[in-house]
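Here is the structure we will look at.
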Amino acid sequence: MTSDDLQDQDLNLPVEPLFKGILSIAIINIINRKPMHGGEISQVLREKFQIDTPRAIIYVVLRKMEADGLLVSNWHIPESGPARRMYQISEEGLQYLKYARDRLKRSNEIIKILLDEKF
């Protein structure tokens, strides 16, 4: 059996902490480009990152990042259609994103070493 034969759901493994951190970084990176509501964020996660996460989890992450001061939100109420909470990155969020990108670069170096067949 190869590692490709193993699927997380087959092994009933919990979501890895690393993935949770990457999800937060992906979300804040998406919002850095333009303010968005949760549904838009979910769509970009699927299309750009191939991350299919339940919206409930996305909203939990958004609320936590807002409570931590990384994001701010306000309600957008269009003339027609539902009201939506729009999220945008804060100054603290910009600092966090720079820090997170630096950490990802370092993590990428470590992952390359771990995945090297000669290791």
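Just so it is clear, none of the values below were taken in a lab; they were calculated from the coordinates. Keep in mind that this is a model prediction, so the values were computed, not measured. Neighbour counts run over all protein chains shown; Cβ positions are idealised from the backbone, glycine included.
Can you work out the Karplus-derived ³J(HN,Hα) for every residue in segment 51-66? Use 6.51 cos²θ - 1.76 cosθ + 1.60 with θ = phi - 60°, whole Hz, and x for glycine or proline.
9, 9, 9, x, 4, 4, 5, 4, 5, 5, 4, 4, 5, 5, 5, 5
What residues of segment 58-100 lie in the reach of a label at Lys20, counting those whose backbone N is under 15 Å from a point 7 Å from the Cα along Cα→Cβ?
Hits in segment 58-100 for Lys20 at 15 Å: 58-65.
Hey, got a sec? Which trypsin sites (Lys or Arg not before Pro) in segment 11-119 land in a DSSP loop and have at most 16 other Cβ atoms within 10 Å?
Filter output for segment 11-119: Lys118.
Please identify every one of the GluC sites (Glu not before Pro) in segment 19-84 that sits in a loop by DSSP and has no more than 14 other beta carbons within 10 Å of its own beta carbon.
Those satisfying the criteria are Glu79.
Residues with beta-carbon under 14 Å from that of Tyr59, excluding Tyr59: net charge, scoring Lys, Arg +1 and Asp, Glu -1?
Net charge around Tyr59: +3.
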